[in-house]
1. In the set Asn660, Asn616, Asn608, Asn634, which member is over 21 Å from Ala460 (Cβ atoms) and not charged (D, E, K, R)?
2. How many residues are in contact with a strand residue (DSSP E or B) (Cβ under 8 Å, 6 or more places away or on another chain) and among the aromatic types (Phe, Trp, Tyr) when one looks only at the stretch 238-258?
3. Go over the candidates Thr538, Thr553 one by one and state the one that is touching a Pro at 6+ places or on another chain (Cβ under 6 Å) and not basic (Lys, Arg).
4. Please specify each residue of the stretch 632-648 satisfying the condition of being of a type in the set (Val, Ile, Thr) and open to solvent by 10 Å² or more (accessible area, probe 1.4 Å).
5. Restricting to strands (runs of 3 or more DSSP E) lying wholly in the stretch 445-544: which have 1 or more residues that are open to solvent by 80 Å² or more (accessible area, probe 1.4 Å)?
6. Tell me which residues, restricted to the stretch 311-348, are open to solvent by less than 50 Å² (accessible area, probe 1.4 Å) and among the charged types (D, E, K, R).
7. Taking the stated definitions as given, is Arg400 of a type in the set (Lys, Arg), assigned to a strand (DSSP E or B) and under 25 Å from Asp245 (Cα atoms)?
8. Within the group Ile308, Ile302, which residue is in the same structural domain as Ile366 (by the TED database), open to solvent by 10 Å² or more (accessible area, probe 1.4 Å) and either of a type in the set (A, V, I, L, M, F, W, C) or closer than 23 Å to Thr413 by Cβ (or both)?
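The values are calculated or read from the model by the stated rules, or taken from the named source; none is laboratory data. It should be emphasised that the depicted structure is a prediction, and the values quoted were computed from it without experimental measurement. Reconstructed Cβ throughout: ideal geometry from the backbone, glycine too, with neighbour counts over all protein chains shown. Quick note on the areas: whole protein, heavy atoms, side chains included, nothing else; ligands and nucleic acids left out. Shrake-Rupley method; radii C 1.70, N 1.55, O 1.52, S 1.80 Å.
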Amino acid sequence: MAGVKGVQPADHNPVKKMGSVAWRTDACNEESQMSRWAWPWLRGKALPDRLRQQRQRASQWACELANSEYFNEYIRHVYEALAAQKYVRRGVTQPARRHEFPFPFEVAKMDFKRGFILQLLALAVLNQLLPSCMAKKNNIPTFNWVVEETSYTRLCSTKKILTVNGQFPGPTLHVNAGETIRVNILNKGNYNVTIHWHGVKQPRNPWSDGPAYITQCPIQPGANFSYEVVLSSEEGTLWWHAHSDWSRATVHGPIIVHPKPGTIYPFPKPHAEFPIVLASWFKGDVMEIIKTALERGGEPNISDAFTINGQPGDLYACSKPGTTRFQIEFGKTYLLRLINSVMNEEMFFAVANHTLTLVGMDGGYIKPFETSYVLITPGQTMDLLLKASQPPSHYYAASRAYASAAYDNTTTTAIFEYTAHNNSSAPSTPFFPSLPNYTDTDAVTAFTAKLRGLPTAARAIDVPKHVDTRLFIAIAVNTLPCANSSCDGPNGSRLAASLNNMSFVEPSIDLLLAYYRGMNGVYKSNFPREPLLKYNYTADQMPDNVVTANPATKVRVLKYNASVEIVFQGTNVLGGENHPMHLHGYSFYVVGSGFGNFDSQTDPDSYNLVDPPELNTVGVPTNGWAAIRFRADNPGVWFMHCHLERHTSWGMDTAFIVTNGKTSSSSIRRPPQYLNPC
């Protein structure tokens, strides 16, 4: 590197080395430090007392900081300080040299003067940074998770499943609104994995959002990654889950966002609260199930059961002893934190003889209304109040699917037990709720029509009235050609899915890094604003030229702070079904929905621009449409996809690139120093 002899630039500092346990252990080895970090011309010589004390102080700081989670921050500060003194140049690359100095920058053949100046500079920066970093560390809650295979027995058979810390569902995160936490992931499983913090907006921080090959390369077996989860306006129930292949079937858990200290719920404080996690259980290996389906081109196997908090319930074989039970007291009110982590089905949920009051969805508040059942799509969360007002006894909570093209028609149950009831005289069969039928679209429509947003002091309803960018996105299940018509899809084809007839192809490196570093050839930014082919989207017969999708890796660029409207149009290509569309990095206002083809001239007249619900996942009605609005004020790369897992696997996805604003506070944050390789 001309003019800066021997100094290693940022692109070649030993980030990969410092990510390893061996490297950080080495930082605490005084003999190793002397042989690797001391100036070459001092090796084997007696040091003056002053320099020896300086080196010992540096060794102590190096050990403490290298083994703290703020080591990367130190690296950045030292590099900026060196750059300011023109000892390194940003963006310049050079082959690695043998010696490392000052830790961890590499220096070779340094003259005494430059080496002494750099040593003092590094020590000064470290001396100033370490106390603030350690204080900062004490203020950020940190969780250490291990992804590992664990044996579980369900439905009369035992198998190994991927878990976090051996738990299914995984650990519950309790946080306060506006808080930042750190979650360290060590992958001891057999598959690549990432974790997504569903519904957490992560302002300016897409680096920790989680979807594989969108905002990060996956955490490979044996590797680790540290997520910084930044909460902002969210309050209520959210969840986290794996976002790589189908591993989220068992790798998921609740996020409970409590009001900030000194603030309260916009409803009476409940006596207690219960997370209720709906999930899918497959007797087979879920990773093999989707792998086989993609290889053969057909539908993946449906699940063998649904579960509530990891248990199928009384109606399945070999399951009654483990049925989930909730203890309640007469006259008390309870908060049920309902999460749909089911893989491919929207779900009805009800509690026998009890009325539920919906007060929140997707980390925000809803104008309360009473209902005997709810309809919750995969990806959505709900906060429900239940008052224990019935004669003390045992009452089933039950959940089953709202029908789609292929669905599990079983029913999962849990039991609410009144503590005052004598269990010796418990009914042989608890009271069972009345659930809508699998195909009851009227029940779905009646429920969703009641959703209204509730403004609070901390979170006003601010629907964009003027629209800068309009998108019309047709959602379809399609096909792709298969060699010799040998696949399991219609007429020997391969099943696919699309948005505006574009079936998303996963890149080989993550989109975020490609965008941030200006890499060419990874993606195209011409995702269509509307379908290139216009047709009757909900007709019984579809033209042949819309059945076959176009595979591509295309994204849409949104200008920072633009007001955006998206109309999702369901189609009847290969049969219509509900599509829960989820947008990362944002909540959005659901301003309208209806059946049939969207009419841009008349349907906007029915929009609710006063108090629409603010969600992160919206169910697009079967052969209907849903309209959302949001302000693109979160710079970064943000995934958008159907939350029916088979549709995501088939390509019903895209991403938005939201450009930077004009200030640092409206620009994407710098990436962490350590990023997993693809």
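1. Matching residue, one of Asn660, Asn616, Asn608, Asn634: Asn660.
2. So the count comes out to 2.
3. Thr553
4. Result: Thr648, single match.
5. Correct list: 469-480.
6. Asp314, Arg337, Glu345, Glu346
7. yes
8. Only one candidate qualifies: Ile302.
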